[in-house]
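Right, one structure below, let's go through it.
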Amino acid sequence: MQPLPIGAAQTEQALARAADRHRRSPLALTTVPRGLGPYRGYGEVLAQLTDLGRRGAAVSVIGRSVRDEPIFALSIGPASARRTSAILSGVHPMEWIGVETHFTLLERLVERPPTDRRIVSVVVANPDGVVRVEDNLRKARRRFVRHNARRVDLNRNFPSFWGKGSLSRLLLRPVFSAGAGPASEPEVRAIISCFKGQMVDRALSLHSFGGVVLYPWGNRLFPPLDRSELRRWARHVARRADPHRPYRATQCSHWVPGFTAPGMELDWFYDQHGALSLLVECSRGGLGLPRFVPGKLIEPFAWFNPPAPERVAPQVAQAVERFVRGAARPSD
Ligand SMILES: [Zn+2]
């Protein structure tokens with residue numbers, strides 16, 4: 001990892017200061033009574049990063065957001081390892097089940113760190129967006145949030161295929177707004193510089209929702225060179241993510257017919273690093289079981305996040321573990 005040129009003590013300070021700034025009452029006190037599930041606010045996320053740091057993960061600051069929030073990465077495994085697995089979540093700020101799944105996975109990795117690779121993890125890639133979602137939840141404002149503080153969809157801002165025409169952009173330009181240029185956004189630049197010069201051969205991005213495992217390309221309709229290997233891994237994860245009702249596994253550009261997506265992290269890790277790259281849309285959202293509350297239909301947070309994250313996160317985390325640990329092939 002190429003952290004900003006600051007020492008470990010300064011990183012610790014930056015994390016402590018950010019955790020202090022965002023410390024508030026547990027968010028679950030607000031979300032649980034409304035049937036939205038026990039989710040962590042940003043201060044609680046930072047406290048958890050601090051805790052993982054104390055248990056052996058190396059924390060670094062990899063950049064700053066539009067609103068000057070530090071963006072943190074964790075590294076687990078030997079610093080001298082040649083290979084790297086990348087894990088992202090919180091790219092889209094409303095998709096908190098991805099963050100919870102990421103934390104569950106990190107628990108497993110810290111408990112039994114890899115010896116032959118580093119796992120570098122950005123739990124919240126879009127802190128400004130996540131803080132905005134938290135504010136909305138605390139004020140009971142029902143708002144859909146997808147962007148960073150400059151109204152850019154970070155998952156359309158990566159340099160691979162950036163700005164290429166697509167039907168989704170044509171129809172829904174404000175939703176999938178790609179920014180002023182490739183990697184115009186500081187959050188995306190932070191991620192790019194974090195992995196620069198590393199041999200990233202596995203990449204995982206945790207989003208929600210839809211119960212689907214996607215592999216490249218997002219922007220091309222024809223299959224990637226490593227299609228059979230990518231598809232084997234995607235199917236492996238899909239089966240395990242929900243044994244009762246397996247997720248779907250598909251090439252990203254085939255997910256919604258006619259909708260290709262330029263500028264995605266999924267394509268960038270494959271295109272620029274040659275990494276086997278997966279994007280998991282965790283859960284099937286939060287409108288259904290265990291209890292359907294009609295009011296939740298107009299609560300965007302509930303579209304993306306199941307009310308029982310403790311049931312979803314462990315299943316998805318164990319489903320992706322073998323992949324991020326760099327196993328040569330799926331177990332089946
Ligand atoms: Zn997403």
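The values are calculated or read from the model by the stated rules, or taken from the named source; none is laboratory data. Quick caveat: nothing in here was measured; it's all calculated off a predicted structure. Neighbour counts are summed over all protein chains in view; Cβ atoms, including those assigned to glycine, are modelled from backbone coordinates with ideal geometry. The protein model used for the area step is the full one, side chains on, heavy atoms only, and it has no ligands, DNA or RNA in it. Shrake-Rupley method; radii C 1.70, N 1.55, O 1.52, S 1.80 Å.
Before moving on, here are some points about what is shown:
- Kirkwood analysis of region 211-295, using all unique Cα-Cα pairs, places the hydrodynamic radius at 13.6 Å.
- Calculated [222 nm] ellipticity per residue, helices only, for the chain: -11000 deg cm²/dmol; basis is -39500 (n - 2.57) per DSSP H run with n ≥ 4, divided by all residues, nearest 500.
- Contact order relative to length of region 8-324, as percent, for alpha carbon pairs under 8 angstrom and 6 or more apart: 21 percent
- Computed from the Cβ-Cβ distance with R0 of 22 Å, the FRET efficiency linking ARG173 to ARG227 stands at 0.10.
- Protection proxy ranking of 251-262, 303-314 - average other beta-carbon atoms within 10 Å, highest first: 303-314, 251-262
- Gyration tensor (alpha-carbon) shape descriptor, region 39-165, a/c threshold 1.5: oblate
- Spin-label model, ARG17/GLU111: points 7 Å from Cα along the beta carbon direction are separated by 3.6 nm.
- Under the simplified labelling scheme, the SER184-ARG329 pair shows an inter-label distance of 4.6 nm, with each label point 7 Å from Cα along Cα→Cβ.
- Extension gain, ARG248 back to ALA47 (0.36 nm per residue minus Cα-Cα distance, nm): 69.0 nm
- Peptide ranges 227-239, 272-284 listed from the most packed, as the mean C-beta count within 10 angstrom indicates: 272-284, 227-239
- Residues with amide H under 5 Å from that of VAL212, placed H, sequence gap 5 or more: ARG248, GLU281
- Of the solvent-accessible surface of the chain, computed with a 1.4 Å probe over protein heavy atoms with every protein chain present, carbon and sulfur atoms account for 54 percent.
- Inverse mean reciprocal Cα-Cα distance (Kirkwood Rh) of the chain, Å: 19.6 Å
- Considering only LEU221, LEU49, LEU287, the Gaussian network model of the chain with Cα springs below 10 Å gives its largest mean-square fluctuation to LEU221.
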